[in-house]
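Reading through the structure tokens given below for one structure.
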Amino acid sequence: MQKPVARSLACIALFGSTHMALADVVEHPKPKLVLQITVDQLRGDLLDRNARHFGPSGFRLLMENGAFYTNAHHRHANTETIVGHTTLATGTDPAVHGMVANIWFDRKTGAPNYNVQDADFPLVGAGGVDKSTELDPTQRAATTDGRSPNAILSSTLSDEIAIGIGQVAKIFGVSIKDRGAISMAGHVGTAYWFSKSEGRFISSSYYMDAYPAWVDGWNTAGHVSAYGGTTWSLADPVETYRFRSMDDMEWETDFPGYGRVFPHPYGAADDKYFTTRLTLGPAGDSLTASFAKELIAAEGIGEDSITDYLAVSFSSTDYVGHIFGPSSLETEDNLRHLDDTLTDFLTYVDQKIGLENTLVVLSADHGAAEVPGYLRSIGIDAHYFDFDVVDLQPSIARLRAEFGIAEKLVKSFSNPYVYLDDEVITANGLDKTLVARRVAEELQQLPGIAFALSSDDLRNGDIARTPVADAVLANFHASRSGDIYVVFEPHWFIGDMDGLTVAGAHGSPWTYDTHVPIILVGRGIEAQRISRRVETVDLAPTISAYLRIKAPSGARGQVLSEATGD
């Protein structure tokens with residue numbers, strides 16, 4: 001038996017060492033601001049690829065002064081905007097947070113559901129009317145102008161800041177895209193996004209009854225109309241660009257009035273597509289940063305010792321990638337311009353709050369596939385897949401004969417989900433589980449389709465556990481996922497974005513779509529590049545650990561020790 005004195009000395013030694021270890025972990029004070037930057041469609045290799053265009057105070061400031069995870073990946077299969085943003089915000093998979101796609105079909109109403117739509121919370125001001133769906137194909141499935149975060153089923157990092165630090169914390173999300181702002185602001189923050197039809201930043205009645213004076217002031221100050229009659233021109237001499245010889249490629253989308261060749265005209269301020277063109281180039285990101293700077297000043301972000309949260313999602317990289325592709329002169333120059341925008345924005349944050357008082361986080365909602373035309377030009381076979389002709393395939397015709405029906409079994413396809421026609425199946429007395437399995441089997445035999453997995457098989461675990469199947473399972477939500485999940489072969493793509501033909505795409509579980517950067521810069525975080533594989537679900541738990549608050553309710557990721565001082 002240990003003597004009392006010896007036991008006491010042992011306890012002193014134990015608690016002494018524990019105290020010193022704890023001091024090492026928590027020595028940095030909580031930041032005045034968590035600034036979470038998301039660059040839409042920033043594939044993981046694009047920072048290093050374009051680093052020669054960056055100055056010292058934008059992307060390089062983050063890449064060279066923080067924990068830079070160069071091998072970070074989304075682990076869910078459907079790498080779309082709302083899915084990735086919400087994963088970054090919650091630290092969990094779409095199977096848990098529920099945002100399984102930009103668009104899914106409501107099984108009760110049979111109508112498409114645009115992820116953040118909510119009829120209970122109409123837009124604020126101008127009669128609450130926004131006709132952006134006419135100008136933005138990604139929102140054409142929306143059945144209401146109302147918007148809220150209520151479809152997000154897990155708490156977000158921003159929610160947990162309000163819980164752990166207190167509701168006195170100021171929490172905001174800003175983006176060109178409604179889904180980019182709303183997902184990051186969470187359930188307790190305030191979100192602002194850009195209306196293309198109205199040419200101003202807006203919000204919904206979920207957040208407020210009327211706009212603060214500063215919002216109206218920014219919207220009427222002419223920031224948007226100032227781009228009328230201007231162009232997107234190269235920031236540097238053309239000979240300094242890697243893709244200088246690829247300014248007019250046949251696979252690029254020729255958007256009306258915008259063209260495929262520099263300079264790209266934004267057009268007159270009263271042109272119907274003027275505000276859409278702004279988002280197809282650097283102007284969209286500049287407007288986002290300008291509005292965010294005004295928000296910081298007007299709302300007093302970072303002015304006291306209480307940690308505030310501001311999420312800024314830059315969307316132009318995504319729009320440019322869809323229209324021109326990631327390996328294009330336009331994407332290369334857009335990132336050059338974004339570096340200038342980021343430099344100006346971080347300089348402003350440093351002046352107002354101090355970067356030493358700020359935890360800056362940068363990541364992306366998804367990566368990007370190369371355009372098939374570009375891949376073919378360098379000798380890689382690539383294709384677009386046309387789902388409209390699937391029902392005309394002989395194998396599907398044989399399947400209808402097998403079930404003794406003349407009608408179509410497939411009602412619709414909304415990438416990546418196939419929806420079967422329940423009325424036809426019921427009217428013919430068919431077993432939907434069997435039909436779905438057989439349709440999936442036939443789809444998987446078609447060129448370009450790697451896997452087709454029925455929801456019943458996913459629900460019941462009747463699938464072989466492979467990395468791709470695990471990614472699909474991470475994306476599976478019983479009440480929101482479609483009847484069959486389709487995974488296309490690598491370098492096979494859907495070239496249609498809700499009615500608009502586009503050059504580039506994303507949305508697969510292949511590495512070009514899952515690979516994104518993760519960078520954290522703040523007190524106590526050493527500058528280092530980390531090449532081990534990490535996942536985007538790790539980000540929210542890591543920030544939570546840095547702030548010493550609990551992680552979001554559905555969080556499944558691991559804390560990244562390099563970013564917490566452990």
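The values are calculated or read from the model by the stated rules, or taken from the named source; none is laboratory data. Just so you know, these numbers come straight off a predicted model, no measurement behind them. Don't worry about glycine lacking a Cβ; one is built from the backbone with ideal geometry, like all the others, and counts go over all protein chains shown.
State whether the residues of region 261-271 include one that is under 30 Å from Thr564 (Cβ atoms) and either out of contact with any helix residue (DSSP H, G or I) (no Cβ under 7 Å at 6 or more places or on another chain) or in the same structural domain as His74 (by TED's automatic domain parsing) (or both). Within region 261-271, none of the residues are under 30 Å from Thr564 (Cβ atoms) and either out of contact with any helix residue (DSSP H, G or I) (no Cβ under 7 Å at 6 or more places or on another chain) or in the same structural domain as His74 (by TED's automatic domain parsing) (or both).
Looking across region 323-353, not a single residue is out of contact with any helix residue (DSSP H, G or I) (no Cβ under 7 Å at 6 or more places or on another chain) and aromatic (Phe, Trp, Tyr). When you check Asp285 against the structure, is it among the acidic types (Asp, Glu), farther than 30 Å from Ala540 by Cα and touching a residue at least 12 places away in the same chain (Cβ under 8 Å), yes or no? No.
Return the total of residues in region 371-381 being part of a loop (DSSP other than H, G, I, E, B) and buried (at least 22 other Cβ atoms within 10 Å of the Cβ). Talk me through it step by step, then tell me what you get.
At the first step, the residues of region 371-381 found to be part of a loop (DSSP other than H, G, I, E, B) are 371, 378-381.
Pick out the ones that are also buried (at least 22 other Cβ atoms within 10 Å of the Cβ) and you get 371.
The qualifying residues number 1.
In the set Ala397, Ala368, Ala406, Ala401, only one residue is among the small types (Gly, Ala, Ser) and either part of a strand (DSSP E or B) or closer than 30 Å to Ser544 by Cβ (or both); that residue is Ala368.
Looking across region 282-314, the residues that are of a type outside the set (A, V, I, L, M, F, W, C) and either assigned to a helix (DSSP H, G or I) or touching a Ser or Thr at 6+ places or on another chain (Cβ under 6 Å) (or both) come down to Pro282, Gly284, Asp285, Ser286, Thr288, Ser290, Lys293, Glu294, Glu299, Tyr309, Ser313.
Any residue at all in region 478-489 that is in contact with an Asp or Glu (Cβ under 8 Å, 6 or more places away or on another chain) and not in a strand (DSSP E or B)? Looking for residues that are in contact with an Asp or Glu (Cβ under 8 Å, 6 or more places away or on another chain) and not in a strand (DSSP E or B), one finds none in region 478-489, hence no.
Table: residues versus (1) without any contact (Cβ under 8 Å) to a residue 60 or more places away in the chain; (2) touching a helix residue (DSSP H, G or I) at 6+ places or on another chain (Cβ under 7 Å).
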{"site": "Ala436", "(1), (2)": "yes, yes"}
{"site": "Leu453", "(1), (2)": "yes, yes"}
{"site": "Asp483", "(1), (2)": "no, yes"}
{"site": "Pro490", "(1), (2)": "yes, no"}
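Phe413 satisfies every condition listed in (1) without any contact (Cβ under 8 Å) to a residue 40 or more places away in the chain; (2) part of a strand (DSSP E or B) except (1). Selection within region 512-556: residues that are of a type in the set (S, T, N, Q) and in a loop (DSSP other than H, G, I, E, B). The member of this set that is nearest to Ala368 (Cα to Cα) is Ser531.
Go through region 382-397 and report how many residues are in contact (Cβ under 8 Å) with a residue 40 or more places away in the chain and either over 28 Å from the mean Cα position of the chain (by Cα) or more than 21 Å from Thr501 (Cβ to Cβ) (or both).
Residues flagged as in contact (Cβ under 8 Å) with a residue 40 or more places away in the chain and either over 28 Å from the mean Cα position of the chain (by Cα) or more than 21 Å from Thr501 (Cβ to Cβ) (or both) within region 382-397 amount to 4.
Here's the yes/no breakdown for (1) farther than 22 Å from Ala235 by Cβ; (2) at pLDDT 95 or above; (3) of a type in the set (A, V, I, L, M, F, W, C):
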site: Ser315; (1), (2), (3): no, yes, no
site: Asp318; (1), (2), (3): no, yes, no
site: Gly321; (1), (2), (3): no, yes, no
site: Ser363; (1), (2), (3): yes, yes, no
site: His383; (1), (2), (3): yes, no, no
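Each row is one residue, and each column tells you yes or no for (1) within 17 Å of the chain's Cα centre (by Cα); (2) surrounded by fewer than 24 Cβ atoms within 10 Å (Cβ to Cβ); (3) within 30 Å of Ile161 (Cβ to Cβ).
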{"site": "Ala311", "(1), (2), (3)": "yes, no, yes"}
{"site": "Ile323", "(1), (2), (3)": "no, no, no"}
{"site": "Glu330", "(1), (2), (3)": "no, no, no"}
{"site": "Asp333", "(1), (2), (3)": "no, no, no"}
{"site": "His337", "(1), (2), (3)": "no, yes, no"}
{"site": "Thr341", "(1), (2), (3)": "no, yes, yes"}
{"site": "Leu346", "(1), (2), (3)": "no, yes, yes"}
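Taking the condition among the basic types (Lys, Arg), under 30 Å from the mean Cα position of the chain (by Cα), farther than 21 Å from Ala111 by Cβ and in a loop (DSSP other than H, G, I, E, B), does Arg465 pass?
yes
When residues in region 152-177 are screened for being more than 15 Å from Met208 (Cβ to Cβ) and in contact with a strand residue (DSSP E or B) (Cβ under 8 Å, 6 or more places away or on another chain), 8 of them pass. In region 98-119, is there at least one residue being in contact with a Leu (Cβ under 9 Å, 6 or more places away or on another chain), part of a helix (DSSP H, G or I) and in contact (Cβ under 8 Å) with a residue 40 or more places away in the chain? Looking through region 98-119, none of the residues is in contact with a Leu (Cβ under 9 Å, 6 or more places away or on another chain), part of a helix (DSSP H, G or I) and in contact (Cβ under 8 Å) with a residue 40 or more places away in the chain. Just one of the listed residues (Gly557, Gly504) is crowded, with 20+ Cβ neighbours inside 10 Å, in contact with an Asp or Glu (Cβ under 8 Å, 6 or more places away or on another chain) and farther than 27 Å from Gly325 by Cβ, and it is Gly557. Of all residues in region 331-357, those that are under 12 Å from Pro56 (Cα atoms) have Cβ atoms under 8 Å from Cβ atoms of residues that are in a helix (DSSP H, G or I) and hydrophobic (A, V, I, L, M, F, W, C), 6 or more apart or on another chain, in Asp339/Phe59; Leu342/Phe59; Leu342/Ala289; Thr343/Leu61; Asp344/Ala289; Leu346/Leu61; Leu346/Leu355. Among the conditions (1) modelled with pLDDT of 95 or more; (2) surrounded by fewer than 24 Cβ atoms within 10 Å (Cβ to Cβ), Ala142 misses just one, which is (1).
Of the residues making up region 520-533, at least one is under 20 Å from the mean Cα position of the chain (by Cα) and either assigned by TED's automatic domain parsing to the domain that holds Val468 or at pLDDT 95 or above (or both).
Just to be sure, is Leu430 farther than 27 Å from Ala474 by Cα and assigned to a loop (DSSP other than H, G, I, E, B)? Answer is yes for this residue.
Check Pro509 against each of (1) outside any helix (DSSP H, G or I); (2) out of contact with any strand residue (DSSP E or B) (no Cβ under 6 Å at 6 or more places or on another chain); (3) farther than 16 Å from Glu80 by Cα and name the one condition it does not meet. Tallying (1) outside any helix (DSSP H, G or I); (2) out of contact with any strand residue (DSSP E or B) (no Cβ under 6 Å at 6 or more places or on another chain); (3) farther than 16 Å from Glu80 by Cα, Pro509 fails exactly one: (3).
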